[in-house]
Amino acid sequence: MHTNGLSRRIFLRTVGATGLLSALPEGSFSSHPAHSGTTCEVASPDPAEDAVPKYSIKFAVCGMSHDHIYGMVGAIQRGGGILIAAYGEEPEKLATFIKRFPGVKIVRSEDEILNDASIQLVLSSTIASHRAPLGIRVMRHGKDYLSDKPGITTLEQLAEVRKTIAETNRIYGIMYSERFEVRAAVKAGELIQSGAIGRVIQTINIAPHQIYQHQGDAGGGGSRPDWFWNPDLYGGILCDIGSHQVDQFLYYTGSTDAEVVASQIANVAHPEHPRFQDFGDMMLRGNRGVGYVRLDWFTPDGLGTWGDGRLFVLGTEGYIEVRKYTNVAVSKTGNNLFIVDKHQARYIDCNNVTLPFGPQFVSDIVNRTHTAQDQAQCLLAAELAIKAQRNAAMVHLST
């Protein structure tokens with residue numbers, strides 16, 4: 001619908017202070033005519049999101065070192081998963097988990113989960129470097145696995161994961177939540193696949209994060225555990241949070257083969273943790289597009305959320321920008337999508353878009369398919385992130 005049909009609230013949220021200039025009468029500041037093709041939309045809710053899940057499986061949590069586990073559990077529950085058991089080694093994390101899921105059975109060891117034949121799927125957000133070895137054990141016990149990102153931190157782990165998948169025919173999923181659990185990112189994928197901006201040429205991902213965040217399930221809170229500062233344990237900035245962005249590059253460009261052209265990392269402002277990396281970026285080249293990724297841990301408190309994640313997709317017939325978590329100085333509401341093609345410029349509020357990952361992943365487990373996440377693409381994203389990290393130049397900026 002056109003802007004003249006929107007409520008004042010949605011209109012102001014959409015165009016912001018700068019955009020208001022273009023809304024003034026023609027000729028107020030320029031003789032150029034206003035663009036009559038500008039529209040604002042609210043994506044319609046999909047009735048399927050409230051439908052009863054088609055399938056049901058039993059799943060467990062084994063390791064909850066990162067608070068991403070709550071979003072992971074929520075996705076599988078939306079898909080029909082029933083949480084029946086959990087195991088965690090950190091008492092504080094386990095206590096928080098029990099408060100969130102008071103009815104879940106807490107077991108005393110990992111083996112109790114691995115040896116429970118009724119469990120079909122295991123979720124984990126244990127320490128990053130421990131996730132792949134756990135996943136290998138899970139698959140060898142006849143279960144499927146969904147890891148928090150990064151799901152793999154070394155090439156040696158990756159080789160063993162691929163070998164185990166081939167031998168067991170199990171699913172090794174990695175929850176790249178910045179695509180799977182962001183409604184505007186889902187909508188961007190739908191538009192791209194429909195040909196809305198032509199052939200994709202490039203993706204640009206800007207992914208700032210906040211170390212000490214005060215809200216949400218992305219981890220942080222008032223402190224970080226010791227492993228957070230150690231790249232041997234968390235994987236390094238490009239392998240860790242960069243894996244989200246590499247996944248998006250592969251998915252939106254449709255690349256099935258890709259390489260890291262260049263990468264660099266730095267510790268700019270955390271000398272008390274000399275091995276920590278608070279900045280990194282990389283250039284990627286795929287067989288169907290190119291990509292650039294910038295990552296950092298410098299989100300200021302004034303933003304009001306943990307990061308201003310932004311995705312830009314350039315196509316031959318248009319472009320898309322996604323402001324995932326906020327619309328700076330306009331609205332704190334996330335899931336903002338802007339699309340421009342040869343006919344018009346559109347803003348789409350994507351907060352009603354259905355999140356398909358959970359139901360699709362549960363369906364994949366039941367039907368032995370790979371609809372929610374292509375297995376080869378999942379592991380290629382991990383491989384590229386690991387290689388970008390391993391080969392990154394360390395940059396030292398002078399003070």
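Here, each number is a calculation from the coordinates, and none is a lab measurement. What you are looking at is a predicted structure, and each value in this text was computed from that prediction instead of being measured. All Cβ positions, even for glycine, are placed from backbone atoms using ideal geometry, and neighbour counts span all protein chains on display.
Give the cross-link partners of Lys387 among the aspartates and glutamates, using a straight C-alpha distance below 17 Å as the criterion and excluding same-chain residues fewer than 8 apart. Here the aspartates and glutamates satisfying the reach criterion relative to Lys387 are Glu156, Glu160, Asp232, Asp240, Asp247, Asp257, Glu259, Asp281. Computed from the C-beta positions of Thr154 and Thr371, the FRET efficiency with R₀ = 25 Å rounds to 0.30. Annotation note: trypsin sites (Lys or Arg not before Pro) in the range 81-141 located in DSSP loop regions with a Cβ neighbour count of at most 16 within 10 Å are Arg108. Annotation for the range 154-196 versus the range 89-141: alpha-carbon center distance of 21 Å. When only Cα pairs under 8 Å and 6 or more residues apart are kept, what is the percent relative contact order across the range 53-175? Answer for the range 53-175 is 26 percent. Does the range 260-399 classify as rounded, prolate or oblate by the C-alpha gyration tensor (a ≥ b ≥ c root eigenvalues; a/c under 1.5 gives rounded; else a/b over b/c gives prolate, otherwise oblate)? Cα axes put the range 260-399 in the oblate bin. Scanning the chain for DSSP H helices at least 18 Å long along the axis (C-alpha atoms) with a Kyte-Doolittle mean no lower than -1.0 picks out 128-140, 155-168, 375-390. For Lys105, the lysines whose Cα comes closer than 22 Å to its Cα, not counting residues fewer than 8 places off in the same chain, are Lys58, Lys93, Lys143.
Assign one of three labels to the chain, namely rounded, prolate or oblate, based on the Cα gyration tensor with a ≥ b ≥ c the square roots of its eigenvalues; rounded applies when a/c is under 1.5, prolate when it is not and a/b is larger than b/c, and oblate otherwise. It is prolate, given that a/c is not under 1.5 and a/b is the larger ratio.
Karplus-based coupling profile of the range 314-323, in residue order and whole Hz: 9, x, 6, 10, x, 8, 10, 10, 10, 9, with θ = phi - 60° in 6.51 cos²θ - 1.76 cosθ + 1.60 and x standing for Gly or Pro.
Looking at the chain, the DSSP beta bridges with both ends there are about 55 percent antiparallel. Each Lys or Arg adds one and each Asp or Glu subtracts one; over the other residues with Cβ under 13 Å from the Cβ of Arg346, this totals -2.
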